[in-house]
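Shown next, in structure tokens, is the structure this report addresses.
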Amino acid sequence: MEPLPINTEPVSDTVLSEHRGRTSSGWKVYSRLIRYALVYKTRLLLAIILSLVIAFSFGTMIVSLGTAVKLTLYEPAQSQNKTIFNAEEDPAIHYANEIKKWDSNFHKWFNKSSVGWDETFLQFVGKMRAHKLFALSIAIIIVITLTFISGCARFFQEYFAGSVGAFVSVDLSKKMYQNIMTQSLGFFESHSSGDVVARFSNDIFMVNRGLSNAFIKVLREPFKALTFLVVAISVDPWLTLVGICILPPLGYALIQLGLYVRKSVRRSLMKVADLASLINETTRGILIIKGFQMEDFLKQRYDIEASRLRRFLRKMVKADSATEPITEFILVVGFSGFVLFSGYRVITYRLDMGDLLQVYLALAMILDPVRKLSTVNNMIQTSVASAERVFEYLDLRPDIQDIPQAVQLQPLSKEIRFENVSFSYDGKKVVLDNLNFSIRRGEKVALVGPSGSGKTTIVKLIPRFYDIKDGTIYFDDIDIRKATLESLREKIAIVTQDTILFSGSVRDNLTGGNTNITDEQIEQALVMAHAKEFVSQMPRGLDSNLGEFGQLLSGGQRQRLALARAILKDPEVLLLDEATSNLDSESEKYIQEALINFLKGRTSIIIAHRLSTIMNADRILVLDHGKLVEQGSHDQLLKQQGVYYQLYQHQFRSTYESTEK
């Protein structure tokens, strides 16, 4: 697939709230979609050419049938005139003269004698007049031939035009995924999973549906309508003017209905996102739901959200249902005036039956493209409402990104240093308050403190998942905000309390798609994490599928695979946030032994509530209300009888004693 040559200037994450607070110009959004479609200009051009073929086929059909009727049913004004052709009035003579001029000019250009096509034409018309069934057969052949041609052209036109809509939707989906992958951790923590999933599923589907149908009809129906209009005007412009006078009020009605549909669609999509979030929470928390008998509560909550969605969907259905009846009513009113005026023109001998048939057929066939185009506006408004939500994510600029002259970090040689670091997630509540400490290369540091003291926040700041507003974090002597994200994060591995595994094989989860990692390296990491035994017992070993979020494994098994993944990365800095929380005491003991060897020479920061883990640290940093209140070894901190001593008495000691037993 061709790359998209579209450079859209992104905006910050705050654009979401701005988007929700206003309604973008529908045409501006749709023109942006058109720019994506122009990437596939060859398909669009083919669709346009085929649309012209379709329009030409129908136009030729109308003119041919009208001409055949005019030639076949012509009767001389003087009934006593028994000749077949009347030189003064007969349309056959008029057409024969035109053919004769064309024939003479053609053969004059090529220096050849005239063949006499005009005489052949008159003979053919004479046969039609003498044998009406023959004339009817000719008309049927014309209709069948042109219908076959237009049918073939329509198939390929709908294929090329519809595929453009599908390709654009896939491109939008890919670009949106690529863009949200660049967003900071704050984006994912502030947006529900249901809203994100809804934009990839429901919104992209609606864009595809709206674009595909719109491209098919917008590229075809206007050409058909214009062709029919030209045919009608060429026969009788005044009668045609009466027939099309209903278009302005029809257009106004359709525009108003389209705006109503767009508003309802946008609100419906937001409610779909809310329902998706609720369903996701239900599937992830089904154990708690059943354990605490929350089924009725969640059913009621779902019913409330579904009722709101139903209200907006009802408005959409109402607008869609009104579109065609309003269109038909306006068309019938206009057609009634057309019938009266055309009857007057025929009665006063200003229009013959052949010409009247052409005008009638042309204007009658205009109704089909007008009716189809009346529904296109609703489709466009639907796709615009969905595209607005897609573009909100496409326009996001990551809060955290490399500065223009970002430097590549070299391997850590001295220390990681926090200088006067303060941090707040929302700009109001202080989470970290003027922290100052350093972690030497190869040092193993434990972070302890009451819940909410800022331990996990420190772990998130070191890989720069968030940017601090006050103070500086140094990697050696380089501010991490001046280093490239890639060079910073490639030196760090993280194992969190909430083990994250992905659907796919054991191998894919451990390597992350890195094909340079060998099976021998994977085996070694599994052994160190005490995961080799259960992986080897799985049906396909390393190629066994783990299921969504690794649900086919126990909590302890998932945690050990997460540890193996970190070991396999061979990082300079290892961040362990309750990494052994889901392991039994025996497994933890084995892993602690493995980690002792693995952590030698590596800078590691460990958050744990188990005393056995904390006591193995070279140094302990004690946090309380976002401040560093104590630091030192286990024995030193106990002698101070401060915050750490209180934690030891109420938390660590009891846990340690129960573990030892």
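The packing ranking, built from the mean of other Cβ atoms within 10 Å per residue, places the peptides 119-127, 447-455, 296-304 in the order 447-455, 119-127, 296-304, highest first. Under the simplified labelling scheme, the K101-S413 pair shows an inter-label distance of 9.3 nm, with each label point 7 Å from Cα along Cα→Cβ. Largest to smallest in accessible area, the residues L229, L542 fall in the order L229, L542 (1.4 Å probe, all protein chains included).
Ligands, DNA and RNA excluded, the heavy atoms of T182 present near 70 Å² of accessible surface to a 1.4 Å solvent probe. Cα centroids of region 27-64 and region 115-181: 13 Å apart.
Lysine pair count for region 371-500 (Cα-Cα distance under 21 Å; residues 8 or more apart in sequence or on different chains): 20.
What FRET efficiency would be calculated for the residue pair Q524, E490, taking the C-beta separation as r and a Förster radius of 22 Å, to the nearest 0.05? Efficiency at R0 = 22 Å is approximately 0.65. Solvent-accessible area assigned to carbon and sulfur over region 355-433 amounts to 54 percent, based on a 1.4 Å probe. Multiplying the residue separation of D303 and L638 by 0.36 nm and subtracting their alpha-carbon distance yields 115.1 nm. Along the axis of the charge dipole computed for region 405-540 (Cβ charges of +1 for Lys and Arg, -1 for Asp and Glu, origin at the Cα centre), the listed residues N514, F437, P539 are led at the positive end by F437. Taking 7 Å steps out from each Cα toward its Cβ at T147 and T42 produces label points 3.5 nm apart. Computed from the C-beta positions of Q649 and K627, the FRET efficiency with R₀ = 22 Å rounds to 0.60. Taking amide H positions as modeled 1.01 Å from N, with prolines and chain starts lacking one, the residues under 5 Å from Y425 and 5 or more places away or on another chain are V431.
Counting only protein heavy atoms and using a 1.4 Å probe, the accessible area of E533 comes to about 130 Å².
For region 524-567, averaging the sequence separation of C-alpha pairs within contact (under 8 Å, six or more residues apart) and dividing by the residue count gives a relative contact order of 58 percent. Region 444-475 and region 546-579 have Cα centres separated by 21 Å. Taking C245, C152 and ordering them by how much accessible surface each has at a 1.4 Å probe, largest first, produces C245, C152.
Between I93 and K28, residue separation times 0.36 nm minus the direct Cα-Cα distance comes to 17.8 nm. A probe of 1.4 angstrom, applied to the heavy atoms of all protein chains, finds W102 with accessible area near 150 square angstrom. Calculate the FRET efficiency for N516 and D470 from the Cβ-Cβ distance with a Förster distance of 30 Å, rounded to the nearest 0.05. The pair N516/D470 has a calculated efficiency of 0.15. Label 7 Å along Cα→Cβ of I233; region 372-395 residues with amide nitrogen under 13 Å? No residue passes the distance filter.
Ranked by the mean number of other Cβ atoms within 10 Å of their residues, highest first, the peptides 212-225, 51-64, 492-505, 332-345 fall in the order 212-225, 51-64, 492-505, 332-345.
The values are calculated or read from the model by the stated rules, or taken from the named source; none is laboratory data. From a predicted model like this one, the values you see are computed outputs, not experimental measurements. Methodologically, a virtual Cβ is constructed for each residue, glycine included, from the backbone with ideal geometry; neighbour enumeration extends over all protein chains shown. Remember, those area values only see protein heavy atoms, side chains included, never the ligands or the DNA or RNA. Shrake-Rupley method; radii C 1.70, N 1.55, O 1.52, S 1.80 Å.
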